[in-house]
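Asks: Have a look at the structure that comes next, please.
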Amino acid sequence: MIKKKKKIILSKKNIAVIVPNLTWCSLKFKNNKSIVMVVCDRKYEFNDYIEKYSDLLKILKK
């Protein structure tokens, strides 16, 4: 199932967003002092990540 896109603006430093598995996420920063913290349950593995939105759509259609 493909859901509609949602835009979330983090305008304060104390706001967090939890992004579920198989959810496309892109980041845009308003200034060069912005910080992103990512918390995961295991070590980063390149092959676990989807680089292209079109690839995600293919996976979701299966």
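Asks: Can you tell me which residue within segment 1-28, out of those that are out of contact with any helix residue (DSSP H, G or I) (no Cβ under 8 Å at 6 or more places or on another chain) and surrounded by 10 or more Cβ atoms within 10 Å (Cβ to Cβ), is nearest to Asp55 (Cα to Cα)?
Replies: Thr23
Asks: Does segment 1-33 hold any residues that are of a type in the set (Gly, Ala, Ser) and at pLDDT below 85, and which are they?
Replies: Result: Ser11, single match.
Asks: Select from segment 42-51 the residues that are under 12 Å from the mean Cα position of the chain (by Cα) and of a type outside the set (Ser, Thr, Tyr) and write down the one among them that is farthest from Lys61 (Cα to Cα).
Replies: Among those that are under 12 Å from the mean Cα position of the chain (by Cα) and of a type outside the set (Ser, Thr, Tyr), it is Glu51.
Asks: Is there any pair linking a residue in segment 13-41 that is touching a residue at least 60 places away in the same chain (Cβ under 8 Å) and over 24 Å from Leu60 (Cβ atoms) to one that is surrounded by 10 or more Cβ atoms within 10 Å (Cβ to Cβ) and not β-branched (Val, Ile, Thr), with Cβ under 6 Å and at least six apart or on different chains, and which?
Replies: Close Cβ pairs (under 6 Å, with a partner that is surrounded by 10 or more Cβ atoms within 10 Å (Cβ to Cβ) and not β-branched (Val, Ile, Thr)) do not exist here.
Asks: Quick check on my filter: what residues within segment 30-62 are outside any helix (DSSP H, G or I) and surrounded by 10 or more Cβ atoms within 10 Å (Cβ to Cβ)?
Replies: Residues satisfying the conditions are Ser34, Ile50.
Asks: Could you give me the residue pairs with C-beta distances under 9 Å whose first residue belongs to segment 46-59 and is of a type in the set (A, V, I, L, M, F, W, C), whose second residue is in a helix (DSSP H, G or I) wherever it lies, and which are 6+ apart or on separate chains?
Replies: From residues that are of a type in the set (A, V, I, L, M, F, W, C), the pairs are Ile50/Leu56; Ile50/Ile59.
The values are calculated or read from the model by the stated rules, or taken from the named source; none is laboratory data. Quick caveat, the model's predicted, so the values are computed rather than measured. Glycine also receives a Cβ, built like all others from the backbone with ideal geometry; neighbour counts cover every protein chain displayed.
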